[in-house]
Structure formats: C-alpha cells, structure tokens
Amino acid sequence: MDAILETGIAWVLWLQQYHPALDEIMVALTLPGEALFYVVLFPALYWCVDRRLTLRLALLFMLSVYVNTWAKALVAQPRPFEYDPRVQMVRGATGGGLPSGHTQNTVVVWGYLAAWARRAWLLIVFVLLLVLVPLSRVYLGVHFPSDLLGGYLLGALLLWLALRYEEPAGALARRLSLGWRLAAAMVAPPLVLLSMPHVHDRTMDGALLLSGAGVGFVLAQRYLPQSLHGPLWRLGLRLLLGLSTSLVLFGALEALSAATGWTGLIHALLYAPLGLWMALGVPWLFERAGLMNRREGEAAGA
C-alpha cells in the first residue's frame with residue numbers, strides 16, 4: 001500500500017507544479033461534483049425535465065453517498081495533503097480519501113443521465129466529466145490516483161445495479177398504496193442517513209428535507225399530472241421561480257430558527273416543509289402561474 005501511495009504522491013506533485021496558475025480552473029472543474037451543484041441540478045431536473053427520472057436519480061445518488069461514506073470510514077486512508085507535507089491543500093476536504101466521492105458520484109449521476117437521454121452530446125459531457133472532475137481532485141491535493149480508481153469501480157457497480165434493477169423495483173413500488181408510499185417517503189431518508197458512520201446536525205437537516213420532498217413527490221405524481229415539456233423560456237422561468245421561492249422559504253425558516261433558538265431535531269424539522277414546498281408547492285405554483293399544462297400531462301400519462 002505504501003508503494004501505491006508513494007507513486008500517487010509523485011503524480012500529485014507533478015500536477016501541482018502548475019500551482020497556483022491552474023488553481024481557479026481546477027476549482028471550477030471540481031464544482032460538478034460538489035454538493036451545491038447537486039442541490040441545483042436535482043430541482044432543475046424535477047421542475048423542468050422529468051419527475052420520475054429525478055426521483056430515481058436522487059435515490060441512486062443517496063445510495064452512492066451512503067456507500068461511499070461507509071467505504072471511506074472502513075478504509076480510513078489519509079488524503080495526499082495529510083500523507084505528505086509537500087502536497088499543497090488547494091481546497092479543503094475531510095474524512096478518508098478512498099474511494100473518491102466526486103469520482104463515484106460523477107459516474108453514477110452523469111452515467112445515469114447519459115443512459116436515460118441517449119444523446120451524443122450528453123455522452124460527450126459524461127466522458128469529459130469522467131476525466132476532468134477526478135483530475136481536478138488530484139491537482140487539489142485531496143485524492144491519490146488510486147482513490148479515483150476506487151471511485152470509478154464503485155460508481156460503475158452502482159450504476160450497473162441501478163440500470164439493471166430499477167424497472168423491477170419501480171414496478172414493485174407502484175403496487176404499494178398511497179399510504180405506504182407516503183410512509184416510506186417519510187421514514188426511509190432518516191433511517192438511511194442516521195445509519196451513516198458520521199451523523200451531525202446537517203445530516204438530520206438533509207434527512208428531513210428528503211422526507212418532505214419524498215412526500216411531495218408522491219402527492220405531486222397523484223394530484224398534479226402535468227407535462228414538464230415546454231419552450232426554453234418557460235423552463236427558465238420555472239427554474240427561476242422555483243429557486244427564488246425556495247431560497248426565500250429557506251431564509252425565513254433559518255431566521256425563525258435563529259430567533260427562537262431552535263437547534264438539533266427542532267431545527268431539522270423546519271427542513272421538511274422546505275422539501276415539501278420544492279416537490280409539491282413549486283409545481284402547484286407553476287400550474288397557477290400558467291407555466292405548466294395539466295391537459296398535456298394527462299394526455300401523456302405523466
């Protein structure tokens with residue numbers, strides 16, 4: 001193992017000979033693997049592309065994060081800047097390094113989108129991100145090349161499992177009653193996230209956000225059968241309206257928490273209505289604003 005890490009350090013140092021000239025470029029290249037990017041990507045897909053696609057991709061992404069977190073905790077491999085003082089930590093990172101979460105999630109998310117869309121341009125984007133995002137992580141001093149290999153392999157395995165078994169799993173889920181679907185949406189995210197090796201306040205926030213969003217998705221699929229198709233200007237307005245109202249609600253909830261001194265579970269509970277708003281309230285708002293067409297959605301069986 002030491003020989004592998006030493007070889008990896010040589011690669012990291014070779015890339016970092018261009019530090020700091022390439023810092024801004026490499027930080028930009030790592031953004032498609034950052035949590036903030038997915039916070040925008042998933043609502044955009046949900047509001048403007050396909051709800052069912054978004055649900056399946058979000059579940060796959062959550063599984064990927066869960067598996068990656070446990071793998072890092074079990075392997076407990078240091079990052080390059082922790083292993084060798086010569087390595088510059090251009091961008092901070094915590095936890096173990098193997099496997100690379102950015103690499104794994106890039107394989108899972110963009111591989112799934114490429115398989116779903118079957119468009120040449122999206123396949124090209126997928127291939128480019130498979131190279132550039134992991135490369136940026138090595139340059140930034142937070143991953144060895146062997147970490148990338150682990151992320152590629154684990155991500156490819158999860159992607160294959162998803163593509164192979166999503167239809168049988170979806171058919172099974174569709175047999176459940178509305179009550180069971182709502183119960184699963186509320187209970188599953190907290191159970192999964194709270195079983196992770198490292199649990200903190202933000203973990204609970206995310207769990208309750210996903211619970212609210214899951215309930216909203218189930219209700220939206222039942223009561224808001226709308227088509228998501230439309231001209232680009234309409235899709236842009238949806239995204240702008242959805243993000244702006246969600247940010248306003250988020251700010252209001254955070255201000256309420258700060259004013260009341262709510263922390264811990266009480267604070268986390270505020271995130272459930274935010275998730276519900278994003279999954280159910282925003283599509284309802286689109287319909288009221290004339291940005292979605294119910295008749296088209298019913299004809300398409302959305």
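Quick note: the coordinates plus some simple rules give every number you see, no bench work behind them. Quantities reported herein were computed from a predicted structural model and do not represent experimental measurements. Glycine gets a Cβ as well: all are built from the backbone with ideal geometry, and neighbour counts include every protein chain shown.
Of the residues 133, 278, 267, the one whose Cα sits farthest toward the positive end of the charge dipole of the chain, with +1 on the Cβ of Lys and Arg and -1 on the Cβ of Asp and Glu, is 278. The C-alpha atoms of the chain define a longest principal axis, and helix 178-194 lies at about 20 degrees to it.
The loop-placed trypsin sites (Lys or Arg not before Pro) in segment 63-171, going by DSSP, that have at most 12 neighbouring Cβ atoms within 10 Å of their Cβ come out as 86, 118, 119. Neighbour counts of C-beta atoms inside 10 Å place 286, 126 in the sequence 126, 286, starting with the fewest. Sorted ascending by nearby beta carbons within 10 Å, beginning with the fewest, 30, 103, 245 become 245, 30, 103. Taking a ≥ b ≥ c as the square roots of the Cα gyration tensor eigenvalues, segment 176-302 comes out oblate, since a/c reaches at least 1.5 and a/b does not exceed b/c.
Of the residues 167, 34, the one with the fewest other Cβ atoms within 10 Å heads the list, and the complete ranking is 167, 34. Note on residue 198 and residue 7: their simple-model spin labels are 2.8 nm apart, each label 7 Å out from Cα toward Cβ. Taken about its Cα centre, segment 176-302 carries a charge dipole of about 340 debye when Lys and Arg each add +1 at the Cβ and Asp and Glu each add -1 at the Cβ. For segment 159-174, 3J(HN,Hα) computed residue by residue from phi via the Karplus equation (6.51, -1.76, 1.60; θ = phi - 60°) reads 5, 4, 4, 5, 5, 7, 10, 5, 5, x, 5, x, 5, 5, 5, 5 Hz, glycine and proline entered as x.
Structural descriptor for the chain: relative contact order 21 percent, calculated from alpha carbon pairs under 8 angstrom and at least 6 residues apart.
Seen against the Cα atoms of the chain and their longest principal axis, helix 51-75 is set at about 30 degrees.
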